[in-house]
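Asker: Below is the structure I would like to discuss, written out as C-alpha cells.
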Amino acid sequence: MENSRILIYDGSFNGYLTAINIAFRERLNVVGFQKNDSPQKGLFANTRTITTQVELAKQVWTLFERKGNSVIRNIYFAFLSETVHIDFLLYTYMSGLFSSFSDQELELTKGLEQKVMHLAKSVSREKRELETLVDFHSNNGRIFNAEVSPTYNILPLISRHFRCKYPKHPWIIFDNKRNYGLYYNLTSVELIDQATKNWYLDSNTMVANYAQGDFKYAV
C-alpha cells in the first residue's frame with residue numbers, strides 16, 4: 001500500500017504516542033516501528049521519522065484514558081517492558097480498541113489484550129519488588145545513592161514512591177543496565193546520565209534543572 005510506513009521515533013513514550021497520533025490521524029498502514037538509535041532495518045521499506053510533540057502525545061493519552069484507567073496503565077507498563085516489537089504489538093492492540101471485528105478478529109484482539117495485561121503485570125510486579133529492595137548508600141550523609149539493573153525499564157514508575165518515602169533527603173537511583181538514573185533534589189526529579197551522577201556525588205551543589213513535567217506519565 002502507498003501509505004505503508006515504518007515509523008521512526010526517539011524511543012520515549014511521548015515519542016511513541018506522537019507516532020500513534022500521526023498514524024491514526026493520517027490513516028497510515030504502519031508495518032513497524034523503529035527507535036532512531038537502532039540499526040537501520042527494512043532498507044527497502046518506506047520510513048518516516050517522527051518528531052516528538054507533547055501535545056499530540058497528550059491527545060492520545062486522553063483518548064485512551066476514556067477507555068478506562070486500567071487500559072492506559074496497561075499500555076504504559078507494557079511499553080516499559082521493552083519486549084521485542086512491543087511498539088507494534090501495542091499499536092495493533094490500540095487500533096483494535098476502536099474497530100469493529102469479525103469473530104475471528106475479535107479472538108485475535110482478545111489475545112493481544114491478554115499479552116498486554118501479562119506484560120503490564122510483570123512490570124508492575126518488578127516495580128513493587130524494587131520499591132522494597134532498593135538499597136541506598138549515603139554519600140557522606142548528603143545524598144542517598146542506589147544502583148539497580150532491573151529487567152524492565154521501571155525507573156519512571158518508582159519515582160513517586162521514593163519522593164514520598166524520602167521527601168526531605170536528596171537521592172539518586174541509577175539504572176546500570178540502561179545507563180540513566182533519577183536524581184531527587186528536594187524539589188523535582190531530574191533525569192541524569194553517568195557523568196551527571198558522578199558530578200552530583202562529588203559536588204556539594206544541588207541544582208534543579210530538570211522539568212517535573214517530563215515525568216508526566218510516571219505513575
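The values are calculated or read from the model by the stated rules, or taken from the named source; none is laboratory data. Note that the coordinates shown come from a computational prediction; the quantities given were computed from them, not determined experimentally. Neighbour counts run over all protein chains shown; Cβ positions are idealised from the backbone, glycine included.
Asker: Kindly indicate whether SER159 is under 23 Å from the mean Cα position of the chain (by Cα), among the hydroxyl-bearing types (Ser, Thr, Tyr) and surrounded by 13 or more Cβ atoms within 10 Å (Cβ to Cβ).
Answerer: yes
Asker: OK, next. Six or more apart or on different chains, Cβ atoms under 6 Å: show the pairs whose first residue is in segment 10-33 and assigned by TED's automatic domain parsing to the domain that holds TRP61 and farther than 19 Å from LEU63 by Cα and whose second is of a type in the set (Gly, Ala, Ser) and surrounded by 20 or more Cβ atoms within 10 Å (Cβ to Cβ).
Answerer: Pairs that qualify, where the first residue is assigned by TED's automatic domain parsing to the domain that holds TRP61 and farther than 19 Å from LEU63 by Cα and the partner is of a type in the set (Gly, Ala, Ser) and surrounded by 20 or more Cβ atoms within 10 Å (Cβ to Cβ), are VAL30/ALA23.
Asker: A further question follows. Determine whether segment 70-80 contains at least one residue that is within 29 Å of LYS177 (Cα to Cα) and not in a helix (DSSP H, G or I).
Answerer: Yes, segment 70-80 has at least one match.
Asker: Same structure, new question: Would you please name the residue that is modelled with the highest pLDDT, looking only at residues in segment 24-54 that are of a type in the set (Gly, Ala, Ser) and in a loop (DSSP other than H, G, I, E, B)?
Answerer: SER38
Asker: Can you name the condition, by its number, that THR132 falls short on among (1) of a type in the set (S, T, N, Q); (2) over 14 Å from the mean Cα position of the chain (by Cα); (3) under 26 Å from ALA195 (Cβ atoms)?
Answerer: Only one criterion is unmet by THR132, namely (3).
Asker: If you go through segment 125-143 one residue at a time, do you hit one that is in contact with a Phe, Trp or Tyr (Cβ under 7 Å, 6 or more places away or on another chain), assigned to a helix (DSSP H, G or I) and of a type outside the set (Asp, Glu)?
Answerer: no
Asker: Could you go through segment 90-105 and let me know if any residue there is among the small types (Gly, Ala, Ser), without any contact (Cβ under 8 Å) to a residue 40 or more places away in the chain, surrounded by fewer than 13 Cβ atoms within 10 Å (Cβ to Cβ) and not assigned by TED's automatic domain parsing to the domain that holds PHE24.
Answerer: no
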